[in-house]
Amino acid sequence: MRRRFFVDQVHSGKAEIQGEEARHLTRVLRVEPGQRYEISDNQNVYLAEIETARKEHVVFRTLEKIEPPPHPADVTLCAALVKFDHFEWMIEKATELGVTEIVPVEAVRTEKGLLHAAHQRVERWRRIALEASQQSRRAILPQIQEPEKLAGVLKRNLPLKLALDEEGGAPLVSALKKSVPHGAVLVGPEGGWTEEERSEFLALGWTQISLGPLILRAETAAIAALAVIQAEWLVH
């Protein structure tokens, strides 16, 4: 199976990759002119041939447009900030599972200092999502948003709003019913939601849901929920 790379744009049948990403292609993958790969401009996917490959500059020539597979369920993951090594793992795996958007969230029990530091990590997180997208052969990159406070995230107007809660709630599968429209999954921090936060998201139309009796780490809960949603999408 051919590797897939993301490019900024395709213009007049040509696309370029420069800088660090190009160095990876030329020095690690040892790409050469004439080799064929798939490229995406974050809208369309193409079969392309390498025209030139120099240290920090790789040029592709498109050969044909490729019809991408149907996109997975359109899901926004609103995830409370946790320790960054765990959060980055969550971003990588959520990307592989087809998440559309990831919103880092500050909750009451978010560890002090994480919100401020998170703003400086967004570009790194986008890079992780890019690499995971290429590995999983996505056609479109997930959006990694700037961190937000919980109050703002809860006001999002979506047809399906699910809040994972260790205190219980409807089983996730039953909350999905027979279809998976565009919706959001809210995942709490280490230590869970406060009663005030729980009251707030219920008042704003979020459905309290459960993944079962076991207490999961935040990142585990996020990935388990996304896997269930995508599995339901495949069935229906």
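All of the numbers you see were taken from the coordinates with simple rules; none came from a lab. Computed from a predicted structure; not experimentally measured. Glycine also receives a Cβ, built like all others from the backbone with ideal geometry; neighbour counts cover every protein chain displayed.
About its Cα centre, what dipole magnitude does the range 1-116 give when the only charges are +1 on Lys and Arg Cβ and -1 on Asp and Glu Cβ, stated in debye to the nearest 20?
For the range 1-116, the charge dipole is close to 380 debye.
When every alpha-carbon pair in the range 4-66 is counted, what percent end up more than 20 Å apart?
The calculated P(r) of the range 4-66 puts 14 percent of pairs beyond 20 Å.
Which Rg and Dmax, in Å, describe the Cα atoms of the range 14-131?
Both quantities, over Cα of the range 14-131: 17.8, 55 Å.
Treat each spin label as a single point 7 Å out from the Cα along the C-beta direction, and report the ALA151 to SER12 distance in nm.
Between ALA151 and SER12, the simple spin-label model gives 5.3 nm.
Run the numbers on the chain and let me know its relative contact order in percent, using alpha-carbon pairs under 8 Å that are six or more apart.
20 percent
Let me understand the chain better: what is its radius of gyration from the alpha carbons, and its Dmax, in angstrom?
19.8, 61
Peptides 34-44, 11-21, 161-171: what's the order by average Cβ count within 10 Å, highest mean first? Walk me through the intermediate numbers first.
On the way: 34-44: 16.0, 11-21: 14.2, 161-171: 17.7.
The peptides rank, most packed first, as 161-171, 34-44, 11-21.
When the Cα centres of the range 129-180 and the range 35-53 are compared, how far apart do they sit, in Å?
Each part's Cα centre sits 30 Å from the other's.
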